[in-house]
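The structure appears below as structure tokens.
The values are calculated or read from the model by the stated rules, or taken from the named source; none is laboratory data. As the structure is a prediction and not an experimental result, all values here were calculated from the model. Neighbour counts run over all protein chains shown; Cβ positions are idealised from the backbone, glycine included.
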Ligand SMILES: Cc1ncc(C[n+]2csc(CCOP(=O)(O)OP(=O)(O)O)c2C)c(N)n1
Ligand code: SF4
Ligand SMILES: [Mg+2]
């Protein structure tokens, strides 16, 4: 069974991101499953960053702590990863100063690049070196380089190809002199599968949901979705606006929705906090809104480039007053795509804010996935009506949903108000109208409940221990459970976090023990389950140092937990 | 008899003090719209919170009455989604220059084709008389008990400094000229600021009708609107405050520069993504 974990370590500016981008594509194209994730510092130059690329003959989609081969692009970046290096880790690259007992192979990638003309080709030398291990030859990889660099300049493409070729030769020489190899003949045809990172999947899902306007203020790790939509705005009718701040962004989005557009805003915790008043405006005016909230560790500026699931409570409770909302939290590429699409549908139909909670780990990681069905939700038409002269924006209806007109479509006037308002949309302080309007807004929850899918279940059907998780922890727990084939554990993964359905209560009553696994310090999903469904959680496995869970951590924790449980 | 049958509303309970300058602004807007043959269904008025932003409740128009300070970005979004609509953003001096001050700067930069009407009464009306960003030094309130000590914000000078494409000031004591200025602003392609001096008879006992009458004058007929430097020097005059169109220039609007509107003005709601194209794009990933 092939399952290799390569970790590339270097400083900012050395092109790790390009390695990740090109290598994963080549690896997948050659017929191997792959997965890549990066962890990086909040700086543009220097520091120490790393990127993990897994190569496998079966699907792998999670972060492992194990490093089979560590490729060092610069000398001083090693200490950063020392905890993950085991005696079996092979270290290659800039390792001359290392005193570790591992097998070490000094290769000065940077020097090779300098001989070609510049340090900036270092990453291509490294890629060539690794491609030699997989016997992915020049005729196969050159077109990728040409495509990637050719857009910038022909010369750049040529130089990088030369660098890759020299790296490749160095790789072959290395393999000839050392008894280290991880070659296995590719055995799967992955041509019908796709390779995407979380940001891309969210952006594509937004387009599938009809998104035609994005307003945002840059903030890691949410900017990827903005960049993706900007790059696709040439092919699809999408207006992209970098707003002066997040308050402007969401208000532009609301204006656009009001006038018939389908807007997305993307932000992280700090920016979302600034949007809170306008979230409430979306609730009050019943103007749809879709927000991608890509989490990073807080409070305040926190760890800008790291990951956390710390903002579930923020998403749940943000905004003054009482109004319905939906919170979705994709953990797979498929979910990211279909839930973002669904977010547009729900926002539109129910005239409410929908928050898609992602995080740095998810948006920045590359996954191999089944192709996404762009047409599956074509039924998700626009929920707008042509108005007539008697039109009232907040007409009271049985389900609380008033037909939504837009200005310029029909003979009616579309009046929305952030003050409490009459059916016609005008300011009022009539207590009876107030009561009715509160009830109308909250009533939408009832029908909404029926649209929320139950969580995904995987693991042993006749479990004794039930794991509960949400969002980006899907694959790490799945892989951990695969490694514990005898454990009597099942897992409920919530990708549609709020509202919660009472239908899931039996999952909990059947369990002897329930563990919540979350990337935060206070167990926010556990709190929500308790509050909403009165479900009792026995234990929590929480991580909040800014890094995602590793498969190994989950395995160790579950082993220990189930042993303790059996013994006691 | 209704003066503006299309726009007039009957049976409404107007929450303004009798004698307030806001009535004149409401009338001037309706008159301007009528004279330009604009229909209520073509017009969206986006407003914030305060006394001024209640204006769209009092005449027939599409209305987005949003949050305090946030009318400009909403108006921007409306115009982006449907450039065929006439969009007016309306509010008070606190709303537009205080809470929404950042949006003021950046809406000018975008030059989106909207009309920006500010009821400048140099006070916070709705919250009962605190100083506003345009209150004069020495203006005493229940909070600024010794009088305002900070320099007032000069919206006209700021807008000209930022090269806004249309910058005007009116005084509601002269409804006819106010209406003409609003008309010119509507006809202007691009962002158009109309700052209107509006006496608040309840909470501003300093800047009264009489005060504005004495302290304002119209820009001379030979004032060159195209000359930014002379417009700016007029804008910073303090003893007497000029009225009229200070500055105007012709430049493509924000929406005109959008790629999607270069071919047609079809609003967003009439456009649909080619999901087949999306499918293909995904398959190539
Ligand atoms: C976020 C927020 N802060 C404060 C308020 C309270 N508030 C409402 S109107 C207003 C100021 C009104 O002054 P101005 O904008 O000049 O309008 P005017 O009433 O004078 O027409 C304030 C502070 C609010 N509604 N929202
Ligand atoms: S408080 Fe001032 S601004 Fe408000 S209605 Fe009365 S006079 Fe007009
Ligand atoms: Mg005021």
Residues within region A:378-409 that are farther than 16 Å from residue B:57 by Cα and more than 8 Å from chain B (Cβ to nearest Cβ), tallied:
21
Unmet criterion (only one of (1) touching a strand residue (DSSP E or B) at 6+ places or on another chain (Cβ under 8 Å); (2) modelled with pLDDT of 95 or more) for residue A:400
(1)
Per the filter on region B:172-184, residues within 16 Å of ligand 2 (Cβ to nearest atom) and not in a loop (DSSP other than H, G, I, E, B) are B:175, B:178
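So which residues in region A:21-33 are farther than 21 Å from residue A:146 by Cβ and in contact with a strand residue (DSSP E or B) (Cβ under 8 Å, 6 or more places away or on another chain)?
The initial filter retains those residues of region A:21-33 that are farther than 21 Å from residue A:146 by Cβ, namely A:31-33.
Within region A:21-33, A:32, A:33 meet the criteria.
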Which numbered condition trips up residue B:52, out of (1) modelled with pLDDT of 95 or more; (2) touching a helix residue (DSSP H, G or I) at 6+ places or on another chain (Cβ under 8 Å); (3) more than 16 Å from ligand 2 (Cβ to nearest atom)?
(3)
Residue check: is residue B:91 in contact with a helix residue (DSSP H, G or I) (Cβ under 8 Å, 6 or more places away or on another chain), more than 14 Å from ligand 2 (Cβ to nearest atom) and at pLDDT 95 or above?
no
For region A:365-400, the count of residues that are surrounded by fewer than 21 Cβ atoms within 10 Å (Cβ to Cβ) and in a strand (DSSP E or B) equals 2
If the requirement is being away from ligand 2 (no atom under 16 Å from the Cβ) and within 14 Å of another protein chain (Cβ to nearest Cβ), which of these qualifies: B:162, B:187?
B:162
Could you tell me which residue of region B:14-34 is farthest from the other protein chains (Cβ to nearest Cβ), considering only residues that are over 13 Å from residue B:178 (Cα atoms) and away from ligand 1 (no atom under 12 Å from the Cβ)?
B:19
Count - residues of region A:276-287 that are within 13 Å of ligand 1 (Cβ to nearest atom) and more than 7 Å from chain B (Cβ to nearest Cβ):
3
From the residues in region B:235-262 that are outside any loop (DSSP other than H, G, I, E, B) and free of Cβ contacts under 8 Å to residues at least 24 places away in the same chain, which one is nearest to the other protein chains (Cβ to nearest Cβ)?
B:260
Just to be sure I understand, how many residues within region B:263-280 are facing chain A (nearest Cβ under 7 Å) and part of a helix (DSSP H, G or I)?
6
Looking only at region A:482-504, decide whether some residue is touching a strand residue (DSSP E or B) at 6+ places or on another chain (Cβ under 8 Å), at positive phi and either surrounded by fewer than 21 Cβ atoms within 10 Å (Cβ to Cβ) or at pLDDT below 95 (or both).
no
Checked against (1) more than 37 Å from the chain's Cα centre (by Cα); (2) outside any helix (DSSP H, G or I), residue A:435 satisfies every condition except (2)
Inspect all residues belonging to region A:55-78 and state whether any of them is assigned to a helix (DSSP H, G or I), surrounded by fewer than 20 Cβ atoms within 10 Å (Cβ to Cβ) and modelled with pLDDT under 95.
yes
Only unsatisfied item for residue A:403, checking (1) touching a helix residue (DSSP H, G or I) at 6+ places or on another chain (Cβ under 9 Å); (2) in a loop (DSSP other than H, G, I, E, B), is (1)
Filter region B:35-86 down to the residues that are more than 8 Å from every other protein chain (Cβ to nearest Cβ), part of a strand (DSSP E or B) and under 25 Å from residue B:134 (Cα atoms) and list them by number.
B:45, B:47
Can you name the condition, by its number, that residue B:108 falls short on among (1) within 14 Å of chain A (Cβ to nearest Cβ); (2) near ligand 1 (Cβ under 9 Å from one of its atoms); (3) in a helix (DSSP H, G or I)?
(2)
Any residue that is more than 14 Å from every other protein chain (Cβ to nearest Cβ), touching a residue at least 60 places away in the same chain (Cβ under 8 Å), surrounded by fewer than 20 Cβ atoms within 10 Å (Cβ to Cβ) and outside any loop (DSSP other than H, G, I, E, B) - is there at least one of those in region A:446-456?
yes
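For (1) in a helix (DSSP H, G or I); (2) away from ligand 3 (no atom under 12 Å from the Cβ); (3) more than 30 Å from residue B:33 (Cα to Cα), each residue gets a yes or a no:
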{"site": "B:94", "(1), (2), (3)": "yes, no, no"}
{"site": "B:116", "(1), (2), (3)": "no, yes, no"}
{"site": "B:133", "(1), (2), (3)": "no, no, no"}
{"site": "B:137", "(1), (2), (3)": "no, yes, yes"}
{"site": "B:144", "(1), (2), (3)": "no, yes, yes"}
Could you check residue B:195 against (1) outside any helix (DSSP H, G or I); (2) more than 16 Å from ligand 3 (Cβ to nearest atom) and say which number it fails?
(2)
Is it the case, given these coordinates, that residue B:170 is within 16 Å of ligand 3 (Cβ to nearest atom) and either within 14 Å of another protein chain (Cβ to nearest Cβ) or out of contact with any helix residue (DSSP H, G or I) (no Cβ under 8 Å at 6 or more places or on another chain) (or both)?
no
Check A:208, A:263 and return the single one that is touching a strand residue (DSSP E or B) at 6+ places or on another chain (Cβ under 7 Å), touching a residue at least 12 places away in the same chain (Cβ under 8 Å), within 11 Å of chain B (Cβ to nearest Cβ) and more than 16 Å from ligand 2 (Cβ to nearest atom).
A:263
Filter result for the condition that a residue is under 30 Å from residue A:238 (Cβ atoms) and in contact with a strand residue (DSSP E or B) (Cβ under 7 Å, 6 or more places away or on another chain), over B:260, B:245:
B:260
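Per-residue answers, yes or no, for (1) in a helix (DSSP H, G or I); (2) within 11 Å of chain B (Cβ to nearest Cβ); (3) at pLDDT below 95:
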residue: A:187; (1), (2), (3): no, no, yes
residue: A:196; (1), (2), (3): no, yes, no
residue: A:200; (1), (2), (3): yes, yes, no
residue: A:224; (1), (2), (3): yes, no, no
residue: A:227; (1), (2), (3): yes, no, no
residue: A:240; (1), (2), (3): no, yes, no
residue: A:252; (1), (2), (3): yes, yes, no
It is to be established whether one or more residues within region B:13-30 are modelled with pLDDT of 95 or more and away from ligand 2 (no atom under 16 Å from the Cβ).
yes
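Conditions tested, residue by residue: (1) within 24 Å of residue B:103 (Cβ to Cβ); (2) surrounded by fewer than 21 Cβ atoms within 10 Å (Cβ to Cβ).
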| residue | (1), (2) |
| --- | --- |
| B:34 | no, yes |
| B:39 | no, yes |
| B:52 | yes, no |
| B:59 | no, no |
| B:64 | yes, no |
For region B:208-231, indicate whether the set of residues that are within 16 Å of ligand 2 (Cβ to nearest atom) and part of a loop (DSSP other than H, G, I, E, B) is non-empty.
yes
